[in-house]
Amino acid sequence: MKILRNERFINVLIPIVAAILGLLVGGIIMLIGGYDPVFGYQSLFDGMVGDPKALGETVRAMTPLILAGIAVAFAFKTGLFNIGVEGQLLVGWFAAVFVGYKFDLPAVIHIPLSLLAAAAAGALWGFVPGFLKARFRVNEVIVTIMMNYIALYTTSFLIKTYIYGGNEKSYNIKESASLASPFFASITDNSRMHYGIFVALLAAIVMWFLLSKTSKGYELKAVGYNQHASQYAGMSVKGNIILSMVISGAFAGLAGSMEGLGTFQYMNSLSSFTGTGFDGIAVALLGANSAIGIVLASFLFGGLKTAAPEMNFMANVPSELVGIIIALIIFFVASSYVVRWFLTRLGKEGK
C-alpha cells in the first residue's frame, strides 16, 4: 500500500498503533489475571465518556495535561529536555493561588493576573536551568530534576508561612479569580470541568503558531538542531536556549494554575509530586510533540486516569492496570523504530 510508505502518514500512525498495542497487551494481562478484558474496557470507556459527568471529568483531567505536554514538547522541539515541568507546575500553582487569595479585584483583572503570575513563576523556574545550560553548559536534565524537589518543599514552606488555611492546604482563592464554571457543571452533572480548557487549547495554538509561523520559532528550532550552524548564521545560541526554557516553564506554570484556579481552588501542602508534570512527558511522546497530537493524547491519558476507579468498581479490575497500560503505550512509542519498520514493510508488501 502506497500510503504506508508516506513518511508523514507513518509519523501520524505510530502513536495510534502504540495506543492500540498498549490497550491490546493490557487486555492480555487482564486475561492472564483472570479478568474479563471486554467488560474491563467497557467499564473504562464508560468511565471516560459514558455519561456527561464522566466526559466533564475527562476534560477536567486533560486540561493541565495539555499544558504540561506542551511544556515538554516546546523544549524538546528546541533541542532541550525539560524534566522539570513538575516543579514548574508546582510553583505556578502556588503563584496562582497566592494572587487568587491575596488580592481583591474584578474577575476581568483577577483571573488574567493570576494566570500571568503562574506563567511568570514557571518561567522563572525554567530560567535557572536555561541560564546554567547556556552559560556553563550544565546538563538541563540534572538541574531540572533537582529543581523539582526544590519546588516541592519550597511551595510547601510558603503555603504554611503565608497562606495556610489548615488541614495541610492553603486558603481558598477568591471567587473573582476562579475558573470554575457553573455552566459546565450544569451540563455535565456537576463535574469539575472549568474554563481552563480554553486556556489550554489557546496555549496549544500559541505553541503551534510560535514554532511554525514565526522567525523566532525558526531560530529556536534551528538552535536545537545545530548550535554551531545557528551561531555561524548570526543567531544568539545562549539567548535562545534561555528563552526556550523560559517559555517551556511558563506553559508548565499555567498547567499548575489550572489546578489552583480551576479544579481545587486551593493548593495542598504536598509531600510528594502530583505526577502531572511527569505525565506531560508521556503526553508529549504520544502526541509526537505536535499541538493537535498533544491535545488528543491528553484526552486519552486524562480519560484513563479518571476512569480507573470505574473499571475497578464495575469490572473488579485493579485500577493500577491503567498505569500499566500507560506504561505500555509509552513503551511502544519509544519502540517507534520497530513500529515504523513494520509499517514500511507492510507498505512495500502491498505494492
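The values are calculated or read from the model by the stated rules, or taken from the named source; none is laboratory data. Please read these numbers as outputs of a predicted model, since none were measured by experiment. Quick reminder, even Gly has a Cβ in these numbers, built from the backbone with ideal geometry, and neighbours come from all protein chains shown. Side chains are part of the model used for accessible areas, which takes the heavy atoms of the whole protein and leaves out ligands, DNA and RNA. Shrake-Rupley method; radii C 1.70, N 1.55, O 1.52, S 1.80 Å.
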Original post:
Would you say residue 96 is touching a Gly at 6+ places or on another chain (Cβ under 6 Å) and in a helix (DSSP H, G or I)?
Top reply: yes
Subject >> Residue that is open to solvent by less than 40 Å² (accessible area, probe 1.4 Å), in contact (Cβ under 8 Å) with a residue 60 or more places away in the chain and in a loop (DSSP other than H, G, I, E, B), where the choices are 322, 317, 283 >> reply: 317
Original post:
Do the conditions hold for residue 48, that is, is it under 20 Å from the mean Cα position of the chain (by Cα) and either surrounded by fewer than 21 Cβ atoms within 10 Å (Cβ to Cβ) or within 30 Å of residue 221 (Cα to Cα) (or both)?
Top reply: no
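Being outside any helix (DSSP H, G or I) and within 22 Å of residue 299 (Cβ to Cβ) is the filter here; which residues of the stretch 171-212 pass it?
Scanning the stretch 171-212 gives 179, 180, 181, 188, 189, 190, 191, 192, 193, 194, 195.
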**OP:** Out of the residues in the stretch 232-269 that are assigned to a loop (DSSP other than H, G, I, E, B) and farther than 23 Å from residue 127 by Cβ, state the one that is least open to solvent (accessible area, probe 1.4 Å).
**Re:** 269
Original post:
Among the residues of the stretch 153-163, is any open to solvent by 60 Å² or more (accessible area, probe 1.4 Å), under 18 Å from residue 74 (Cβ atoms) and modelled with pLDDT of 95 or more?
Top reply: no
**OP:** Output the qualifying pairs, or none if there are none: Cβ atoms under 8 angstrom, residues six or more apart or on different chains, first residue in the stretch 219-237 and closer than 16 Å to residue 137 by Cβ, second residue part of a loop (DSSP other than H, G, I, E, B).
**Re:** 223/78; 223/79; 223/235; 224/78; 224/79; 224/80; 227/79
